[in-house]
1. Just to check your reading of the model, which residue among G53, G45, G107 is farther than 17 Å from G32 by Cβ and assigned to a helix (DSSP H, G or I)?
2. Could you tell me whether any residue of region 40-60 is among the aromatic types (F, W, Y) and surrounded by fewer than 14 Cβ atoms within 10 Å (Cβ to Cβ)?
3. Take the residues of region 113-129 that are without any contact (Cβ under 8 Å) to a residue 40 or more places away in the chain and part of a helix (DSSP H, G or I): which is farthest from the chain's Cα centre (by Cα)?
4. Could we say that R82 is at pLDDT below 90 and open to solvent by 80 Å² or more (accessible area, probe 1.4 Å) here?
5. Condition first: modelled with pLDDT of 85 or more and β-branched (V, I, T). Now tell me which residues in region 56-79 satisfy that.
6. Among the numbered criteria (1) crowded, with 17+ Cβ neighbours inside 10 Å; (2) touching a residue at least 40 places away in the same chain (Cβ under 8 Å); (3) more than 15 Å from L106 (Cβ to Cβ), which single criterion is violated by E69?
7. M63 passes all but one of (1) within 14 Å of the chain's Cα centre (by Cα); (2) outside any helix (DSSP H, G or I); (3) not aromatic (F, W, Y); which number fails?
8. If you take the residues of region 85-104 that are open to solvent by 70 Å² or more (accessible area, probe 1.4 Å) and part of a helix (DSSP H, G or I), which of them is modelled with the highest pLDDT?
Amino acid sequence: MSDSPESNKQNPIEEYYQLQRTLLLVTLILTGVIFLAVWLTYTLGIALNYLLGACVGLVYLRMLGKDIEGLGGGKRRLSSTRLALVAALLIVASQWGQLQIMPVFLGFLTYKAAIIVYVIQTTLTPEQK
């Protein structure tokens, strides 16, 4: 019985779902850690602003995943509703007096930090065979 390289490979769609789960989990962990750090460093109000942005970032990441998943089914373009979500978040943050734009926007960008963490992790750890 030989272990061929093909037998060790996962199904591409399984790899995609694993990546999606990993990114969502890392985003959730980073959100919790950063929320607590902001709360301890600044105020609960600023931390909640950050949390609002991070929650919208999670929704954005999930919508992006669904769009990418749909590309395999014959869909040719990504939808632009994600952009509308970000625009609505920033408009609400700028117009509502109790929200601050910078913590909300930085919270939204938390999913990008999760992507960076994932890339660093996969780059520095050798492939498991």
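1. Working: G53 fails: farther than 17 Å from G32 by Cβ; G107 fails: farther than 17 Å from G32 by Cβ.
The conditions single out G45.
2. Step one: filter region 40-60 for residues among the aromatic types (F, W, Y), giving 42, 50, 60.
Then drop every residue that is not surrounded by fewer than 14 Cβ atoms within 10 Å (Cβ to Cβ), which leaves 42.
For region 40-60, residues among the aromatic types (F, W, Y) and surrounded by fewer than 14 Cβ atoms within 10 Å (Cβ to Cβ): present.
3. Our first condition is that a residue be without any contact (Cβ under 8 Å) to a residue 40 or more places away in the chain; within region 113-129, this holds for 116, 119-128.
Next, only the ones that are part of a helix (DSSP H, G or I) stay: 116, 119-124.
Details: I116: 10, V119: 13, I120: 15, Q121: 16, T122: 17, T123: 19, L124: 21 Å.
Per the stated criteria, the residue is L124.
4. Values: at pLDDT below 90: yes; open to solvent by 80 Å² or more (accessible area, probe 1.4 Å): no.
No.
5. V56, V59
6. (1)
7. (2)
8. Looking at residues that are open to solvent by 70 Å² or more (accessible area, probe 1.4 Å) and part of a helix (DSSP H, G or I), I get M102.
The values are calculated or read from the model by the stated rules, or taken from the named source; none is laboratory data. Source: prediction; values computed, not measured. Here the Cβ is made from the backbone with ideal geometry for all residues, glycine too, and neighbour counts use every protein chain on show. Surface areas here come from the heavy atoms of the whole protein model, side chains and all, with no ligands, DNA or RNA. Shrake-Rupley method; radii C 1.70, N 1.55, O 1.52, S 1.80 Å.
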